[in-house]
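S.K.: There's a structure below that I have some questions on.
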Amino acid sequence: IAALTGGKLSLPQLTGVEITPSTGQKIRVKISEQHACPLYIGTLIENVKIAASPEWLQRRLIAAGVRPINNIVDITNYVLLERGQPLHAFDQSRLEQVGGGTDLTIGVRFAQAGETLKTLDGQTRNLSTQNLLITANNQPVALAGVMGGEETEIHPGTTSLFLEAALFNSVAIRRSSRSVAIVTGK
């Protein structure tokens, strides 16, 4: 709007966050498709409390056409809207359940023909080799850049989460999105 009106652009100041590495937790990242995902980073966040977002955040999301869900999901959507950086939060214990243990490798790969994933909208998706996936120990947990999986979603009992930020090839994401008929970014 500032560019169109000649107004002043005012962005909030960002401050650094100190991150203390957790001992005993092992989460590795393995990107099998460097062209489709040149960068994937994540961090564990522990001792979270799932609650409703503050009213100001809910109002801003609603004004942008996004339905508020909870404090964690809402802040990832808000960051996407304000900064253009997609984020996704996974319930850590559910990642461990899907991955079969606490020693996790979060992967980025294309689906194999015949694989399926139940997405956050409750639909079981039949995947093709065009679908870029996020995996936990090679088990699908999300359609990269399109929609998370129901098995690892944030829920009222979530206490620890894995927060991802990634750069995905836009062509690969559009193809993946089209192949499963999903047009949303979350």
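The values are calculated or read from the model by the stated rules, or taken from the named source; none is laboratory data. For clarity, every value in this text was computed on a predicted model and none was experimentally measured. Note that we place each Cβ from the backbone using ideal geometry, even for glycine, and neighbour counts take in every protein chain shown. Only protein heavy atoms, including side chains, enter the accessible area calculation; ligands, DNA and RNA are left aside. Shrake-Rupley method; radii C 1.70, N 1.55, O 1.52, S 1.80 Å.
S.K.: Which members of the range 128-142 meet the condition of being open to solvent by less than 10 Å² (accessible area, probe 1.4 Å) and either part of a loop (DSSP other than H, G, I, E, B) or at pLDDT below 95 (or both)?
M.R.: Matches in the range 128-142: ASN131 only.
S.K.: Just need a number here: residues in the range 34-57 that are of a type in the set (S, T, N, Q), surrounded by fewer than 17 Cβ atoms within 10 Å (Cβ to Cβ) and farther than 20 Å from ALA166 by Cβ.
M.R.: Residues in the range 34-57 being of a type in the set (S, T, N, Q), surrounded by fewer than 17 Cβ atoms within 10 Å (Cβ to Cβ) and farther than 20 Å from ALA166 by Cβ: 1 in total.
S.K.: List pairs: first residue in the range 57-81 and among the hydroxyl-bearing types (Ser, Thr, Tyr), second residue open to solvent by less than 40 Å² (accessible area, probe 1.4 Å) and part of a helix (DSSP H, G or I) anywhere in the structure, Cβ distance under 8 angstrom, at least six positions apart or on different chains.
M.R.: TYR78/LEU57; TYR78/LEU61
S.K.: Another question about this same structure. Report, ordered by the first and then the second residue, all pairs with beta carbons closer than 7 Å, sequence separation of six or more or different chains, a first member in the range 89-106 that is among the charged types (D, E, K, R), and a second member that is assigned to a helix (DSSP H, G or I) and open to solvent by 60 Å² or more (accessible area, probe 1.4 Å).
M.R.: ARG94/GLU151
S.K.: A further question follows. Being assigned to a helix (DSSP H, G or I), open to solvent by 10 Å² or more (accessible area, probe 1.4 Å) and either closer than 20 Å to THR76 by Cβ or out of contact with any helix residue (DSSP H, G or I) (no Cβ under 8 Å at 6 or more places or on another chain) (or both) narrows it down to one of ARG125, ARG109, ARG174, so name that one.
M.R.: So the residue among ARG125, ARG109, ARG174 that is assigned to a helix (DSSP H, G or I), open to solvent by 10 Å² or more (accessible area, probe 1.4 Å) and either closer than 20 Å to THR76 by Cβ or out of contact with any helix residue (DSSP H, G or I) (no Cβ under 8 Å at 6 or more places or on another chain) (or both) is ARG174.
S.K.: Cβ contacts < 9 Å: first residue part of a helix (DSSP H, G or I), restricted to the range 1-19; second residue at pLDDT 70 or above, any location; separation 6+ or different chain. Result?
M.R.: ALA2/LYS8; ALA2/LEU9; ALA2/SER10; ALA3/LEU9
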